[in-house]
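Below is one structure, written out as structure tokens, with a few remarks after it.
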Amino acid sequence: MIKHPCKNSLRRFLLIFFFLIFFQITLIPIAAPQMISLSQAPASNSAPSISDASGKFAPIETANDAKQFEEEINSKRAELGKELDVLKKSMQVSSATSPPGFLENLNKQISLLQQIDLAYNQQISAIQQTASLEAQKKQLEEEEQKVRESTPPEQASYLELDQLRDSINAEISRKDIIEARIQSAQSGYEQAQKTFDEKESMRRQSKDQYDKIPDEAAKQSLVMPLQMARLESRAAGEALRLHELELRNERLVRSVYQAQLEVLNLRVQLTENVAVFTQQELQDKLQRMDKDEFDLQTALKKAVDDKKLADNKLAVLLSKIAQVPEPDRALSEEKAARERETYALQTKIDVITLRLERMAKRRIAWQKRFTVLNQEADLDQLKTWEKETDDILANLAREENLLKLRISDRQTELTNLQNTIDNSRGEPQQVIRWLDEQKKQLQDTINTLQENITNIELNRRHQTKLLNAIKEQTTHLTIWDRLQEGFESIASLWNKEIYVYQQGEIERAYYVKTIFYAFFFFAAGLILSRFLSRFIGRFLLHRLKVQEGASTTIESLIHYILLILFFLYTLRILQVPLTFFTIFGGAFAIAIGFGSQNILNNFISGLILLVERPVRVGDLVEIEGTIGRVTRMAARCTHIRTFTNLDIVVPNSSFLEKKFTNWTLIDNIIRSDINLGIAYGSSTEKTEQILLAIAHEHPQILKEPEPVCFFMEFGDSALNFELRYWVNMAASNKLRIDSQIRHAIHKRFGEAGITLAFPQRDIHMDNIKPLDVRIFSQIERE
């Protein structure tokens, strides 16, 4: 119960409250709009009926259709206006006697109804846009059909064809933007669908709670939440419908774009085979360029005059500042503004000058296009013009990159200047004035640079068109022309002079063909020397039963000898006189002697190893802690492959200067030892029997020599044994066998109850007399 000292106010509040309940139940529709999708029409009676019987949006083909839909939505807006008027009147008659939250709920309801009204207004705009797009699409379809049925003209203007192609390129550049807008509209629609589902679920929950309560008096507390849920669902539904219309319009935009592109392509196909670039069209184009050039010259003259005037103003200001001991901020900002003005005008002068230079190149490009399109240029001219056009395009790209960097710097300055202006609002008016002037001049500089980039893009298009025309002409060459072009290119490159040697009266020119012959012969010599040396080493020496190590050394010697012979013949092809080596022979020989000392040492060591044969291919050797098999013995070094599959290259001199072990010098049988200790108290005879049994049972341990086991000593912590057996390294892996034997020992000892010993120590204490225990203080210990 609401307590208030004034009974009249209470009576008035109750009257308003029950009036609002009656209004919400009878006037505002209970059903909220249902789910809307591109394939399903709204089922709510609160949304405009712009869908057909199938549930899909009816196509808006005429202005009458759009007008009918607008009238339906306007009728809904009229009903909505009545609801808003009732709520606003309720707000006016409400007073402070309203319960907590009552006025807030009224405000929320008014806000939701205003959102719905705004959605209706936007839906009308979307429907009008849909009608316009449908009309454009229909018009383009009719135009497409007309173009398809038309006959090609006898002759067409090339400039009109060029304009059509530019329009096609402009349309193609819009494709990504259109797809991005459709994706954005799709995302907005999906989000609106999600919001509508949530609001509709909340409405159903509120209605279920309302219907479950039988007491009418108790239901009154749920009327306001139920109405809020209905309005929120209704607003979400209208927003969803608006997003659907927007998505449909974006897809219509894509359809119009595709139709427009198709019409342009058909027009190009209709005229491209009969288009002629006449002399009159060229003259008209050049005359328009003359007018543009005159306008640029006029603008340049004006910019130069303005620059002189700005320089004079800056000079007067600088002389004024020089007479002031401590210039105030207004003078400093005026000086900065004058400097930016002169910089902006100088930038404008530079840009206009560059545009005039590009216009001259564009004029030449038009003349070249006329010559190319009328097939009046020969092959050499086409090649020359193609290279020149590529260079121009590369220069334009570099200029554009530099301009973008300059614009980025100026934009950064503009941002900093704007921050300065924002922080200087309390400064005198003169300071603000000159700061704004600096901003204006800086913005003029950026605009001038942007115009320069636009002009670069214009010139790039013209140069690209010229390049495409040249390439189109070169692609239609006959087979004979292409062969001739290829022969000429090869001949010019083949006979190109790359170096001239002059020494006194001696003069030699080196051409591409000379270098090619030399390198070709030397490369062929490398391959041939390797092939011949391998053939001799693998077939002839093998048949003569030369051992593998000796065969490898002889093969290397033959390879080096053939390589030297081919190298000398290559010098002869290059016309390098052998007297050249005699001049520098002494110094060269000394340098070779010192530089190749280690090489000769290893080479001679290889010969000694070949004669004495302490190491052979396939031997298992150990040198400086490295164990592996010899895989190859060359003239300078020996290759060893370790058990970890690493290839170690060892100089041959190391086998003569350092100590090494050849495990398989005489045969491949080596002995392996396994040392172990057992705990005191274990049976030594049983231990020896188990160890010998393990060795005899292993299939890869040799029976001859027979495995033996020795009781070596009484150790400090163990009874030490040693098991010795022999293995064939050519047919087995020693490390793997040792590991398997240890596994077997551990298993068999465990089964026999024999304990493997570990280091331990026993301490015996003499307790015949009591132990003397003393406690010392820190002072006594010191």
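Kindly evaluate K219 against the criterion of being farther than 30 Å from Q260 by Cβ, at pLDDT 90 or above and in a helix (DSSP H, G or I). No: the conditions fail for K219.
Can K199 be described as of a type in the set (K, R) and surrounded by 13 or more Cβ atoms within 10 Å (Cβ to Cβ)? When the stated conditions are applied, K199 passes them.
Going by the structure shown, is L261 in a helix (DSSP H, G or I), under 40 Å from the mean Cα position of the chain (by Cα) and buried (at least 20 other Cβ atoms within 10 Å of the Cβ)? No.
I'd like to check something: does the range 394-409 contain any residue that is farther than 18 Å from D350 by Cβ and not small (G, A, S)? Within the range 394-409 (the criterion being farther than 18 Å from D350 by Cβ and not small (G, A, S)), the answer is no, since none of the residues qualifies.
Just for the range 155-180: of the residues that are in contact (Cβ under 8 Å) with a residue 24 or more places away in the chain, open to solvent by 50 Å² or more (accessible area, probe 1.4 Å) and of a type outside the set (A, V, I, L, M, F, W, C), which one is farthest from R254 (Cα to Cα)? Looking at residues that are in contact (Cβ under 8 Å) with a residue 24 or more places away in the chain, open to solvent by 50 Å² or more (accessible area, probe 1.4 Å) and of a type outside the set (A, V, I, L, M, F, W, C), I get Q155.
Residues in the range 364-393 that are hydrophobic (A, V, I, L, M, F, W, C) and not in a helix (DSSP H, G or I): 1 in all. Counting only residues that are out of contact with any strand residue (DSSP E or B) (no Cβ under 9 Å at 6 or more places or on another chain) and either surrounded by 15 or more Cβ atoms within 10 Å (Cβ to Cβ) or at pLDDT 90 or above (or both), the range 367-378 holds 7 of them. Residues in the range 715-727 that are at pLDDT below 90 and open to solvent by 50 Å² or more (accessible area, probe 1.4 Å) were compared, and the one that is farthest from the chain's Cα centre (by Cα) is D716. Considering only the range 292-349, how many residues are closer than 23 Å to T420 by Cβ, touching a residue at least 12 places away in the same chain (Cβ under 8 Å) and of a type in the set (A, V, I, L, M)? So the answer is 11.
Among the residues of the range 712-725, at least one is closer than 29 Å to V630 by Cα and touching a residue at least 40 places away in the same chain (Cβ under 8 Å).
Is it true that D284 is more than 17 Å from R369 (Cα to Cα), surrounded by fewer than 13 Cβ atoms within 10 Å (Cβ to Cβ) and not small (G, A, S)?
Details: more than 17 Å from R369 (Cα to Cα): no; surrounded by fewer than 13 Cβ atoms within 10 Å (Cβ to Cβ): yes; not small (G, A, S): yes.
No, not satisfied.
If I go through the range 728-756 residue by residue, how many of them are in a helix (DSSP H, G or I), open to solvent by 40 Å² or more (accessible area, probe 1.4 Å) and out of contact with any Ser or Thr (no Cβ under 8 Å at 6 or more places or on another chain)?
11
Within the range 394-432, the residues that satisfy the criterion of being outside any helix (DSSP H, G or I) and surrounded by 14 or more Cβ atoms within 10 Å (Cβ to Cβ) are S424, E427.
If we keep just the residues of the range 655-690 that are in contact with a Lys or Arg (Cβ under 8 Å, 6 or more places away or on another chain) and hydrophobic (A, V, I, L, M, F, W, C), which is surrounded by the fewest Cβ atoms within 10 Å (Cβ to Cβ)?
Only one residue fits best here, namely I670.
Return the residue satisfying two criteria in turn: it lies in the range 137-154 and is without any contact (Cβ under 8 Å) to a residue 40 or more places away in the chain and charged (D, E, K, R), and of such residues it is farthest from A259 (Cα to Cα).
Filtering the range 137-154 for residues that are without any contact (Cβ under 8 Å) to a residue 40 or more places away in the chain and charged (D, E, K, R), the one farthest from A259 (Cα to Cα) comes out as E149.
Residues are listed down the side, and each one gets a yes or a no for (1) within 30 Å of N374 (Cβ to Cβ); (2) modelled with pLDDT of 70 or more; (3) open to solvent by 90 Å² or more (accessible area, probe 1.4 Å):
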{"site": "D481", "(1), (2), (3)": "yes, no, no"}
{"site": "G504", "(1), (2), (3)": "no, no, no"}
{"site": "G525", "(1), (2), (3)": "no, yes, no"}
{"site": "E548", "(1), (2), (3)": "no, no, yes"}
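The condition (being within 30 Å of Q367 (Cβ to Cβ), at pLDDT 90 or above, open to solvent by less than 80 Å² (accessible area, probe 1.4 Å) and in contact with a Ser or Thr (Cβ under 9 Å, 6 or more places away or on another chain)) is satisfied by just one residue among L435, L467, L458: L467. Of the residues making up the range 621-638, not a single one is among the hydroxyl-bearing types (S, T, Y) and more than 56 Å from the chain's Cα centre (by Cα).
The values are calculated or read from the model by the stated rules, or taken from the named source; none is laboratory data. What you see is a predicted model, and the numbers here were worked out from it, not measured in a lab. When we count neighbours, we look across all protein chains shown, and the Cβ atoms used for this are built from the backbone with ideal geometry, even at glycine. Only protein heavy atoms, including side chains, enter the accessible area calculation; ligands, DNA and RNA are left aside. Shrake-Rupley method; radii C 1.70, N 1.55, O 1.52, S 1.80 Å.
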